[in-house]
C-alpha cells in the first residue's frame, strides 16, 4: 500500500498549497525532515512576498512566523467601520427612535481638528442615546477558520473631544459576538488607552482584543456622549490584523 510519504514531491506540494498555512506549520512540518523542508520553503516564499509589498516584517515575532497569514492580514487590513467621520451624514449608523435631531455632522477646521487636513465629525447634543453598527466579519473576507485558529488582533480606536482619564462624558461598548450573538469578549470606555493631550481638546482612545475565544463572527460597536450639552466623535475605526507583541 502506498503511503502519503511515497507521493512525488510535486504532488505533495500541490496538497500543501491547498492546506491552511497554520496547519502546515503546526502539524505537517512535524511529520518528517522532508516535509519540514518543503513547508519551510513555502513559508519563505511568502516572506519574500511580504518584503516586496513593504510590510513591516520586524513586528512579527516567534520561532516560526506564519508569513502567508501575515501577508493576507496585512493586505486585507482596512477600517471596518462604515462612515466613521460623518461625511455621509448618519448613514450606516443605528440610532434610537426620535434621536435623529440629537445628532449632527460638521466639517472641522484645521485649528479645531486633531488631524492636519481637518475632518468631519459627529456632534452629539443633550446626551442622546449612543449610535451603533454591527460588522459582519465574513463580509470583509475574514473567514471562520481564520478567526478561530489564528485569532488576529482586533484593534478599536475612537476620537472624542470630551474624552479624559475618567471618561465620564464618553461612552463606548464594543462586543465580539458569536454566530448566535453570544458575547464572547467586550470592552468599555474605562479600558481604553488614551493618547497624550494635544493642541486641541480631541483625544484618541484605543483598545486591542488579544487571544479572544474562538467563534467570533460579528463585532458590535457603540459609542456616544453623555452628561454634557454637546460633544464630538470622529474617525472611529476597527481593524483586524496580525498579532503584534
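Starting from the 7 Å offset along Cα-to-Cβ, what nm value, one decimal, do you get for the label separation of residue 139 and residue 186?
Using points 7 Å along Cα→Cβ, the separation is 2.2 nm.
Highest GNM mean-square fluctuation, the chain, Cα pairs closer than 10 Å: which of 118, 215, 86?
Largest GNM mean-square fluctuation: 118.
Divide by every residue of the chain the summed helix terms, -39500 (n - 2.57) for each DSSP H run of at least 4, and state the resulting mean residue ellipticity at 222 nm, rounded to the nearest 500 deg cm²/dmol.
-6000 deg cm²/dmol
Which whole-number percent gives the relative contact order of the chain, counting Cα pairs below 8 Å spaced six or more residues apart?
In percent, rounded to a whole number, it is 24.
Relative to the first principal axis of the alpha-carbon coordinates of the chain, what is the inclination of helix 33-53, with its axis defined by its Cα atoms, in degrees from 0 to 90 and to the nearest 10?
It works out to around 40 degrees.
Take every Cα pair under 8 Å in the range 114-208 that's 6+ residues apart, average their separations, divide by the length, and report that relative contact order as a whole percent. Please report the intermediate quantities before stating the final value.
Details: 95 pairs, mean separation 28.1, N = 95.
The value is 30 percent.
Round to the nearest 10 and give me the degree value, 0 to 90, for the angle of helix 67-76's Cα axis relative to the longest principal axis of the chain.
Helix 67-76 and the main axis of the chain meet at about 30 degrees.
Largest first and in whole Å, what are the equivalent-ellipsoid semi-axes of the range 206-245 based on the Cα gyration tensor, each being the root of 5 times an eigenvalue? Display every interim value, and only then the final one.
Working: eigenvalues 156, 33, 17 Å².
Each semi-axis is √(5λ); the values are 28, 13, 9 Å.
Among 125, 23, 221, which one shows the biggest mean-square fluctuation in a GNM of the chain, springs joining Cα atoms closer than 10 Å?
Looking only at 125, 23, 221, the biggest GNM fluctuation is shown by 23.
Computed from the coordinates by the stated procedures, all read-outs in this text should not be read as laboratory data. This one's a predicted model, so the numbers in the text were calculated from it and none came from an experiment. Neighbour counts run over all protein chains shown; Cβ positions are idealised from the backbone, glycine included.
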